[in-house]
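Enquirer: Before I ask anything, let me first share the structure, which is written out below as structure tokens.
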Amino acid sequence: MSSSSLTNYQFKAVELGLPLIPAYSEASGDQVLHGVNYASATAGILDITGRNFVGRIPFSQQIRNFQNTLDQITGNLGATDLSKAIARSIFFVGMGSNDYLNNYLMPNYNTKNEYNAQQYADLLVEQYTRLYNLDARKFVLAVLGRMGCMPSILAQNQLDTCSEEVNQLVLPFNSNVKMMINNLNANLPGSKFIYIDITRMFEDLLVNYRSYGFSVIDRGCCEIGRNRGQITCLPFQTPCPNRDQYVFWDAFHPTEAVNILFGKKAFLGDLSNVYPMNIQQLANLDIGPN
């Protein structure tokens, strides 16, 4: 994503009164005490996702990087204070889209022949069990939106309409995540998991986009080709001058304006958008360390 775009997790950090969170590769010293961004472009929940791209950091390695951060600050805080700090911290995880875009839907992967939609969703969410071992207490999990309406997918559709096949493909993943969250909240009373319904937010946005101030929903602001979604934004490429009116920044990602809109709904929204509580309520929840 463009460096000018404020991502969803960064907005949440700002709302919580935190500085913008540095990337793991750049965080040092006391910076890590305010949060670290372990995300990686093109990476997925599965290690093989995005293998066409160099330098991706899959979910398993992101978790190892988090463990490295804990080792780094344990000496400064001590075990007891570290446990208290982790208990107050919020862990945001928004993954899965690349496991479809850069794996299941890619012609050079055999995944589609090995798993149907439900089996693949089961495989992905099974990997999320790694979250259990982080010793964290507060989790926010974002599910997948209307991926069939991305410019990259629209560019492949001669009818110039959203692909319902792709939209339906990711629904089992979203259902599995919500079921997992319900089970974890029931069985781990010392922890709290919440679910951001990105699908519902996107459906509302695509129907009511004009009321939110947008005018372009079917092509990217910085792209090349059909629906400006065939070749992603290139270095030194001039983007559209009115990016705040676009839902999509490029072939895959929403604009800063959309991220801020969704971030506000996740932070302050009701049960129709974030379940079983919003992020502000989660932040104020007093959960002690293990």
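The values are calculated or read from the model by the stated rules, or taken from the named source; none is laboratory data. Just so it is clear, the model here is predicted, and its values are computed rather than measured. When we count neighbours, we look across all protein chains shown, and the Cβ atoms used for this are built from the backbone with ideal geometry, even at glycine.
Enquirer: Are any of the residues in segment 84-105 within 18 Å of Glu165 (Cβ to Cβ), in contact (Cβ under 8 Å) with a residue 12 or more places away in the chain, out of contact with any Gly (no Cβ under 8 Å at 6 or more places or on another chain) and of a type in the set (A, V, I, L, M, F, W, C)?
Expert: Checking segment 84-105: at least one residue is within 18 Å of Glu165 (Cβ to Cβ), in contact (Cβ under 8 Å) with a residue 12 or more places away in the chain, out of contact with any Gly (no Cβ under 8 Å at 6 or more places or on another chain) and of a type in the set (A, V, I, L, M, F, W, C).
Here is a yes/no grid of residues against (1) under 29 Å from Asn133 (Cα atoms); (2) in contact with a Lys or Arg (Cβ under 7 Å, 6 or more places away or on another chain):
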| position | (1), (2) |
| --- | --- |
| Tyr195 | yes, yes |
| Thr199 | yes, yes |
| Leu206 | no, yes |
| Ser211 | no, no |
| Phe214 | no, no |
| Glu223 | no, no |
| Ala251 | no, no |
| Asn273 | yes, yes |
| Ile279 | yes, yes |
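Enquirer: Test Glu114 against the criterion of being under 22 Å from Ser175 (Cα atoms), modelled with pLDDT of 95 or more and of a type in the set (D, E, K, R), and give yes or no.
Expert: Against the criterion (under 22 Å from Ser175 (Cα atoms), modelled with pLDDT of 95 or more and of a type in the set (D, E, K, R)), Glu114 qualifies.
Enquirer: Still on this structure, please answer the following. Give me the helices (runs of 4 or more DSSP H) completely within segment 1-98, filtered to those with at least 1 residues that are at pLDDT below 85, charged (D, E, K, R) and surrounded by 19 or more Cβ atoms within 10 Å (Cβ to Cβ), ordered by residue number.
Expert: The helices (runs of 4 or more DSSP H) meeting that bar are 8-15.
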